[in-house]
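One structure is given here, and the rest of the page talks about it.
The values are calculated or read from the model by the stated rules, or taken from the named source; none is laboratory data. Computed from a prediction, not measured in an experiment: that's the story for all the values here. As a convention, Cβ positions derive from the backbone with ideal geometry for all residues, glycine included, and neighbour counts pool all protein chains shown. Side chains included, ligands, DNA and RNA excluded: accessible areas come from the protein's heavy atoms. Shrake-Rupley method; radii C 1.70, N 1.55, O 1.52, S 1.80 Å.
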Amino acid sequence: MKFIQTLLMLTCAGATLLAQAGTAPQVPEALKGAAETKALPQGAWLALHKQSLRLVDASGTERARITLRAKHLDVRPTANGALAVVLDADTQRTLAVTVDLQAMRLQSSVALESPAFTVEAVCMYRDAQGYDEVFLVGAEGLSEQWVLRGAQEPRLIRRLALPPGSKACEVDDARQRLLLRDEAGSVWAYRAEAEGKLTRQAVSTKKLRNDTQAIEPVLPIVQAQVQTDSVARFGDAADDPAIWIHPMDASRSRVLGTNKKQGLLVYDLAGKQQQLLEVGRINNVDVRQRVRLGAVEMDLAVATQRDDLSVVVFAIDPDGQVREHSRIPTGLKDIYGICLYQPRTGGLEVFVNDKNGIFQRYALGHADGKLSSALVQTFKVATQPEACVADDVAQRLFIGEEKRGVWAMDLAEPVQNAPKLVMALPVGGLLHADTEGLGLYRGPQGSYLVVSSQGNNSYVVADAAPPYRVRGAFRIGMNLALGIDGTSETDGLEVTSTALGAAFPKGVLVVQDGYKRLPDGAQNFKLVAWEDIAAALKLP
């Protein structure tokens with residue numbers, strides 16, 4: 001599809017807002033009386049007249065006709081012709097019209113029943129997964145975005161607020177933007193992709209005509225196989241996951257997830273909530289198992305608590321039940337991210353950071369039934385960090401500085417020495433700021449670092465050893481068969497290479513989803529099978 005660039009005036013010929021870039025196809029003389037026309041492959045046309053929709057071949061000869069009163073014609077090409085949508089002028093139903101250019105035939109069906117608002121504009125969007133979607137733009141700003149599923153039932157993706165009185169819309173698929181003309185005559189560009197925040201920008205006629213906005217590279221798309229129950233708070237609530245592996249049956253493992261407006265959640269691998277520990281505003285969480293502290297061996301989770309600026313330590317029993325064990329005061333002013341490290345010599349260390357860039361490193365101990373902690377190192381990065389992850393085997397710490405990239409730090413160095421930070425993955429190329437969640441996948445062919453590239457709703461995979469070769473990036477899209485939406489604006493993530501039963505035989509990536517769709521809801525976490533990621537990026 002050519003890029004949509006030139007703004008046209010509304011005319012009596014129909015509510016056409018935008019035309020395609022370059023020289024638009026010349027409309028045959030026989031179609032000049034049509035209210036709306038759309039060019040099709042092979043030089044054919046669809047023409048919407050007052051009482052009919054007509055298929056016209058390249059010579060201008062009518063080949064098929066459907067009797068109807070409709071408006072707002074839009075179309076996308078298919079393998080055999082095209083898929084068109086129109087709005088029935090009497091019922092407000094959205095009709096899907098299959099255009100067969102081999103048989104020169106039209107077939108219509110009801111795609112969407114009338115919504116509970118007056119529809120002023122309808123337009124199509126073919127998303128990055130190749131799904132055909134429809135925007136229904138309402139008279140009073142009540143609008144909806146749907147995905148059409150062929151012979152299956154369509155699904156509501158989200159409800160959204162658009163300018164009241166909008167009369168025309170069209171979508172630039174390549175740039176994933178919805179272009180809309182409001183009642184004042186202004187043209188606005190909205191984010192068409194449902195995942196992420198609904199943003200808008202005023203667009204001038206000159207900008208549309210000379211648009212050189214960069215198009216994001218096409219990244220492979222994988223699908224989540226499981227989504228968790230939503231958290232119990234709306235807005236920016238869910239943040240960071242961790243994974244606990246059941247010692248006897250990996251299929252009974254648990255996903256821990258933070259709700260920074262409530263506490264810690266515990267899910268099974270089917271995404272069902274098993275526990276809620278209302279321990280306040282916790283932000284990031286990490287897990288280590290079979291931790292030996294003195295004579296005691298424990299499975300522990302730690303999390304940052306933003307109310308009392310402490311590290312909350314949780315004990316996990318062999319069946320995956322989680323309970324609060326103790327708290328470590330930090331003295332930080334705005335506690336944020338956290339991760340754990342198990343040195344080769346034993347014990348457990350905690351790295352915790354502040355939004356001002358300060359990191360504290362604690363060594364944990366255990367005596368007389370109580371947990372002890374000792375601050376052994378302090379250092380600082382220039383700007384706001386959050387995520388970190390330790391490679392226990394390689395004795396390496398990765399730190400995400402949100403605006404700059406991912407640093408690597410040698411943990412074999414004595415704690416008395418000033419740490420030497422090496423920029424492993426700078427922001428640029430596939431990695432966009434903010435760099436958020438970090439996870440380490442330890443596979444048979446080597447270890448990979450997985451990074452949430454929040455600025456473009458993707459995930460970067462790189463070797464976890466110098467020179468930190470970037471293997472690629474991917475996005476998580478909709479899994480319509482399971483009713484699971486894609487992901488966007490991911491804060492935290494975690495990954496494991498442990499086989500977790502039949503569902504995840506090569507491990508799993510768990511990510512926080514900033515916007516719950518299909519339909520709208522509170523945030524949750526998505527689980528993606530690692531073999532799907534490996535296939536998408538052609539990893540060994």
Inset, instruction - For an R0 of 56 angstrom, estimate the FRET efficiency from the Cβ-Cβ distance between Arg323 and Arg105 and round to the nearest 0.05. - result: 0.25
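What is segment 128-170's relative contact order, in percent, from Cα pairs under 8 angstrom and six or more apart in sequence? If you can, show how the numbers build up before the last one.
Values: 71 pairs, mean separation 15.5, N = 43.
Once normalised by length, the contact order is 36 percent.
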Inset, instruction - Please report, in whole Å, how far the alpha carbons of segment 84-145 spread along each principal axis, starting with the longest. - result: 41, 31, 14
Legend entry - Cα-based Rg and Dmax for segment 56-193, where Dmax is the largest Cα-Cα distance (Å): 15.0, 44
Legend entry - segment 95-106 - phi-based ³J(HN,Hα) in whole Hz, Karplus 6.51/-1.76/1.60, Gly and Pro as x: 9, 9, 10, 8, 9, 9, 7, 7, 8, 6, 9, 10
Inset, instruction - Using only protein heavy atoms and a 1.4 Å probe, report how much of Thr383 is accessible, in Å² to the nearest 10. - result: 50
Legend entry - Förster radius 25 Å - calculated FRET efficiency between Ser114 and Leu198, Cβ distance, rounded to 0.05: 0.60
Legend entry - Whole-number percent relative contact order across segment 258-311, with pairs defined as alpha carbons under 8 Å at least 6 apart: 28
Inset, instruction - Read through the labelled values (1) 77, 52, 50; (2) 78, 57, 52; (3) 90, 44, 42 and report the label of the one computed as Cα extents along the principal axes in Å from the structure. - result: (3)
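Roughly how many Å² is the accessible area per residue of the chain, as a whole number, for a 1.4 Å probe?
Working: 22210 Å² over 540 residues.
Here the per-residue accessible area is 41 Å².
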Inset, instruction - Mind checking segment 126-184 for GluC sites (Glu not before Pro) that DSSP puts in a loop (not H, G, I, E or B) and that have at most 15 other Cβ atoms within 10 Å? - result: Glu140, Glu183
Legend entry - Sulfur and carbon atoms: percent of accessible area, the chain [1.4 Å]: 50
Inset, instruction - Could you pull out every residue, at least 5 positions away or on a different chain, whose amide H is within less than 5 Å of the one on Ala89? Hs are placed 1.01 Å off N in the peptide plane, and Pro or chain starts have none. - result: Arg69, Ala70, Lys71
Inset, instruction - Ignoring everything but the protein chains, give the 1.4 Å probe accessible area of Lys71 in square angstrom, nearest 10. - result: 80
Legend entry - Gly443 long-range amide H proximity, modeled H, under 5 Å: Tyr448
Inset, instruction - Determine the order of Ser52, Ser186 by accessible area, beginning with the largest, at a probe radius of 1.4 Å. - result: Ser186, Ser52
Legend entry - Coil-residue trypsin sites (Lys or Arg not before Pro) of segment 383-444, DSSP, other Cβ within 10 Å capped at 15: Lys403, Lys420
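Under a 1.4 angstrom probe, counting protein chains only, how are Thr78, Thr490 ranked by accessible area, largest first?
Thr78, Thr490
Normalised by the residues of the chain, what does the relative contact order come to in percent, with Cα pairs under 8 Å and at least six apart? List each step's numbers first, then the result.
Working: 1465 pairs, mean separation 50.5, N = 540.
Result for the chain is 9 percent.
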Inset, instruction - Run through every distinct alpha carbon pair of segment 274-423 and return the Kirkwood hydrodynamic radius in angstroms, one decimal place. - result: 15.7
Inset, instruction - Jot down the per residue volume, in cubic angstrom and as a whole number, of the convex hull over the alpha-carbon atoms of segment 454-519. - result: 109
